[in-house]
Each structure stands twice: as C-alpha cells, then as structure tokens.
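Accompanying notes for the structure given below.
The values are calculated or read from the model by the stated rules, or taken from the named source; none is laboratory data. This structure is a prediction, so every number in the text was calculated from the model and none was measured. Heads up, the Cβs are rebuilt from the backbone with ideal geometry, glycines too, and the neighbour counts pull from every protein chain shown. Ligands, DNA and RNA are excluded from the accessible area calculation, which covers all protein heavy atoms including side chains. Shrake-Rupley method; radii C 1.70, N 1.55, O 1.52, S 1.80 Å.
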Amino acid sequence: MSTETPEQVKQMEICLQLERQNFHLNAHFHAPMKGVTALFGPSGSGKTTLLRCIAGLEKQTRGHLKIGADYWQDDSLCLPPHRRPVGYVFQKSNLFQHLTVLQNLRYGQKRTAKTQRKIYLNETIALLELENILKCHPDQLSGGQQQRVAIARALLTTPQLLLMDEPLASLDQASKLDIIPYLERLHQELSIPVIYVSHSPDEVTRLADHLVLMDQGSVTAEGEINHILTRNDLPLAHLEEACAVISGKVVKHDSHYHLTYLSIPGGTVAVSYRGFPISDTVRVRILARDVSLALSPGENSSITNVLAVTVISIQTMADPAKSLITLQLGSEQILASITRRSVHKLAISVGTALYAHIKSIALMH
C-alpha cells in the first residue's frame, strides 16, 4: 500500500543533474500536477537542458523524477524517451513538410494506442481552431498557425505532461499576439500539467500558475506565481514590468459605463467590460508603476480602483530616486514603485495603513 499523501500524488518532484564540459545542471523543485509551471531565467540558465532531461533526451542525466504517482527516473530506473508520456513543443514547429495539417495531426495520434487515447482529434482541432487549414501543408501556414498545429499534434499523443520550450520565441510580434489566446485556452480547458520555458516576463505573467526561477543551472526560487513576482529580493520585482498577478471572480457587469466588476482579495475592482460569465475565475495584472499611494481614499479622483493596503517592506531601487513598496492587499501582495520623496512626504514605514490608487488593471482570463 502506498504511504504517499494525496498532496504528494498531486505534485511532480524534479531533482536532476547533468554534467557537461562548461555547464553543470543541478535542478531541484516541486510543482503542482495542474496548471502551468514556468521555467524562467536568462539565456544559458539551463531551462531547455532541464526540459530535455525531463523528456529523457539527455542520456547522462542523474537524479530522480517523479510525475504524480509515477517514477520516471531514480537510482534503479530510467525510462527511455519513448516510454515517458510527454508531449513536446519546440521553439520551431518541426512539422512534416510533406504532410498536410490533418496528416501531421494523425501522425501524433497514432503514437498512442486507441484504448489509451483521452484527447481526440475533432476536439483538438476545435480547441485550436484548425478547421480551415487541415488540407494545407506547413509551408502554406503562418508561424503562429504552424505552432498551433505543433501544439495540437503534441496533445494528440495524450501526454501525462506537456513540455513547451519557448514556443513563441521564433514568432514575430503579430504571431505571438495571435497564439497567446490559444495557450490561455489550453490553460483553462485542459487538465494536463504544462512545464513552459520562457525568458519573457509578459508570457509568464499571462500563462503561469507556478514559477521556477533558474540561473547558471540551478533553481534560485520557486513558488506560486504572485509570491515570486512580489518578492523584493528577486529580480522580477525590480524590472520595469514588475507586477502582481491575482485571481478574482466576476461579480457584475455595468453596461452603461462598459465596466466589469471583479472581487479580488482585499476588495472589488472595475476593469473595461469583458463578457465573462458571472462567478467566472479570472486573473488580473497590476503593474507596480500603475500604483500610487495615499493616506486617504481620495473620493474626488478620476481613479476608479482604490483599495486599502498595509506596507510590508520598503526597498531602494536601482534608480536611487525610487523606492519599491511591497503591500498587503487582503491575502495577497502587490507592489508600488514610487519616489523616495513620496515615501518621506507621506511618512511611509513598515506597517503604515494606506490606500492604493490603481491607475490601470489588466484583465487576463
């Protein structure tokens, strides 16, 4: 009988090492068996190498790898790549050029026995909106369309884990904007856990639930995305795009002013109208530079979203004129980037109760 707790079965445990002449990978982290876990870090930090180790493509990999209840690798076991139930999406689509889109998809489907298939052709075609290009060959498609086909082909293998290695890296900006909604849809509608490699903060904040930071082959931090984004001892909090990502629920639509109201930890906020159903769970992104602080709510203001917060920490930024303020908002944390002069003028210190005036909130599903 298994002695594992339900929480352990719902996790993946990755503890892998690989030695190369000029590079040493030593990565150890846990991640949930649902949602998107992003591996984030600079080029050369080992993200792609780690993904290849998980897929079994690096023969010299040592350590152990446990996905849910299943061991893929330990001291006495190392499943070969073809026995690891992963779908792999590379930076380039790697489609078979001599096959049509439909034939490429059927090739992926054939890798799994009919009795083991849990993801089906028609549903996958509809999910990624491929109906109009099934008869096309890859060279007739845009980069974004090719990546959608590559994702569909990977899904049709009915993977236990989906690995995505910077799937937007080779695309132009227009193609990236085209494909991100499909990635968000996968996140919403499929229960397959995803490990997603990226060095784009925008991709990470839109897609990830769990964040693993890597540098020089090692994991430097890991955790729920907002916890990592708002830690002032980590680099993401000091970027120009520093932000918080918070979950909320749709509570009301205002057709007169074209607004949607969301309940988030710490209060209710209004965003531009989006036709999400009432009670739908959504994500919002609040940039640190869009948060100003005041001692009072400021009722005579054009800013709609004003929330009560408490100061957790204050840190001087790379620009010595600015301070990074970490704020408690209900059960979550957000960031504010303000001038040191304002910190002094408002007598802000740890524990100060303030009002966050939020100029803009981005709604992401």
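Here is how the numbers come out for the structure above:
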| quantity | calculated |
| --- | --- |
| Options Phe90, Phe23: the member that is surrounded by fewer than 16 Cβ atoms within 10 Å (Cβ to Cβ) and farther than 17 Å from Ala221 by Cα | Phe23 |
| Filter result for the condition that a residue is closer than 24 Å to Trp72 by Cα, more than 17 Å from the chain's Cα centre (by Cα), modelled with pLDDT of 90 or more and not β-branched (Val, Ile, Thr), over Leu156, Leu134, Leu99 | Leu156 |
| Only one of Arg117, Arg153 that is over 28 Å from Gln173 (Cα atoms), of a type in the set (Lys, Arg) and open to solvent by 20 Å² or more (accessible area, probe 1.4 Å) | Arg117 |
| Residue within segment 37-54 that is in a strand (DSSP E or B), in contact with a His (Cβ under 6 Å, 6 or more places away or on another chain) and open to solvent by less than 40 Å² (accessible area, probe 1.4 Å) present | yes |
| Residue satisfying all of: in segment 264-299; closer than 27 Å to Ala353 by Cα and among the β-branched types (Val, Ile, Thr); nearest to the chain's Cα centre (by Cα) among these | Val284 |
| Residue within segment 56-70 that is modelled with pLDDT of 95 or more, touching a Pro at 6+ places or on another chain (Cβ under 6 Å) and open to solvent by less than 20 Å² (accessible area, probe 1.4 Å) present | yes |
| Selection from segment 302-355 of residues that are over 19 Å from Thr230 (Cβ atoms) and touching a Pro at 6+ places or on another chain (Cβ under 6 Å) | Val306 |
| Residues located in segment 93-114, provided they are under 25 Å from Gly56 (Cα atoms), among the polar types (S, T, N, Q) and open to solvent by 70 Å² or more (accessible area, probe 1.4 Å) | Asn94 |
| Selection from segment 189-242 of residues that are under 14 Å from the mean Cα position of the chain (by Cα) and acidic (Asp, Glu) | Asp202, Glu203, Asp209, Glu222, Glu224 |
| Some residue of segment 323-337 being in contact with a helix residue (DSSP H, G or I) (Cβ under 9 Å, 6 or more places away or on another chain) and of a type in the set (Asp, Glu) | yes |
| Failed item in (1) in contact (Cβ under 8 Å) with a residue 24 or more places away in the chain; (2) open to solvent by 10 Å² or more (accessible area, probe 1.4 Å); (3) of a type outside the set (A, V, I, L, M); (4) touching a strand residue (DSSP E or B) at 6+ places or on another chain (Cβ under 6 Å), with Glu240 passing the rest | (4) |
| For Arg274: the one exception among (1) modelled with pLDDT under 95; (2) more than 23 Å from Thr205 (Cα to Cα) | (2) |
| Any hit, segment 270-286, residues being in contact with a Cys (Cβ under 7 Å, 6 or more places away or on another chain), under 20 Å from Glu241 (Cβ atoms), touching a residue at least 12 places away in the same chain (Cβ under 8 Å) and open to solvent by less than 40 Å² (accessible area, probe 1.4 Å) | yes |
| Complete set of residues in segment 69-124 that are among the acidic types (Asp, Glu), more than 18 Å from Gln160 (Cα to Cα) and not in a loop (DSSP other than H, G, I, E, B) | Asp74 |
| Single unsatisfied condition, His258 versus (1) in contact with a Lys or Arg (Cβ under 7 Å, 6 or more places away or on another chain); (2) open to solvent by 70 Å² or more (accessible area, probe 1.4 Å) | (1) |
| Of all residues in segment 292-309 being among the hydroxyl-bearing types (Ser, Thr, Tyr) and in a loop (DSSP other than H, G, I, E, B), the one that is modelled with the lowest pLDDT | Ser301 |
| Among residues of segment 126-150, those that are under 21 Å from His187 (Cα atoms), assigned to a loop (DSSP other than H, G, I, E, B) and open to solvent by 20 Å² or more (accessible area, probe 1.4 Å), counted | 1 |
| Conditions (1) closer than 23 Å to Cys53 by Cβ; (2) in contact with a His (Cβ under 9 Å, 6 or more places away or on another chain): number failed by His187 | (1) |
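Residues are listed down the side, and each one gets a yes or a no for (1) open to solvent by less than 40 Å² (accessible area, probe 1.4 Å); (2) closer than 25 Å to Ala270 by Cβ; (3) among the small types (Gly, Ala, Ser); (4) without any contact (Cβ under 8 Å) to a residue 40 or more places away in the chain:
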residue	(1), (2), (3), (4)
Pro297	no, yes, no, no
Asn300	no, yes, no, yes
Val306	no, yes, no, no
Val311	yes, yes, no, no
Gln315	no, no, no, no
Ala321	no, no, yes, yes
Leu327	yes, yes, no, yes
